[in-house]
Each structure stands twice: as C-alpha cells, then as structure tokens.
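Student: The structure under discussion is supplied below as structure tokens; questions concerning it will follow.
The values are calculated or read from the model by the stated rules, or taken from the named source; none is laboratory data. Not measured: the values here are computed from a predicted model. In this analysis, Cβ positions are derived from the backbone assuming ideal geometry, glycine residues included, and neighbour counts consider all displayed protein chains.
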C-alpha cells in the first residue's frame, strides 16, 4: 500500500482499507453513516455555539447552526 503524505489541503484522504469497508456497505448503511455523522456535527456545533454565545436564544443558535451547516445558503 502506498503511503500518502498528509498535508493540510488533503486532510480528507480516505485510507484504502476504509474505502474498501465503505464499498462493502449497502447504500442504506452508507446513508445511515452519513446521517449519523451529520447529526453528530450538528450536535457538536450547537454545543460549541452555546458555549461561545451564552447570551443567544435557542432560535439564534439554531439559525446559526443552519447557516453554517448549509455553507451560508440558509
């Protein structure tokens, strides 16, 4: 297996073994993995924003979470 050099702009390089594991998953399993990762990111971002902006209302927090997760579209 070729060793890949990790550089800042390539942090999302997928290991060959992990790529094979994902290829062996059903489409439903891959969707569930993706949904769980998204849910985890949303929860972490929500908690981070609560700690950073304790003065914000829950509505403001959720609006900022939506804005960030949608890359500014919302």
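Student: Would you check which residues across the range 31-74 are loosely packed, with under 12 Cβ neighbours inside 10 Å and within 13 Å of the chain's Cα centre (by Cα) and list them?
Tutor: Result: 34, 35, 36, 37, 38, 39, 40, 43, 44, 70, 71.
Student: Then there's this: When you look at residue 26, is it surrounded by 10 or more Cβ atoms within 10 Å (Cβ to Cβ) and at pLDDT 90 or above, yes or no?
Tutor: Against the criterion (surrounded by 10 or more Cβ atoms within 10 Å (Cβ to Cβ) and at pLDDT 90 or above), residue 26 does not qualify.
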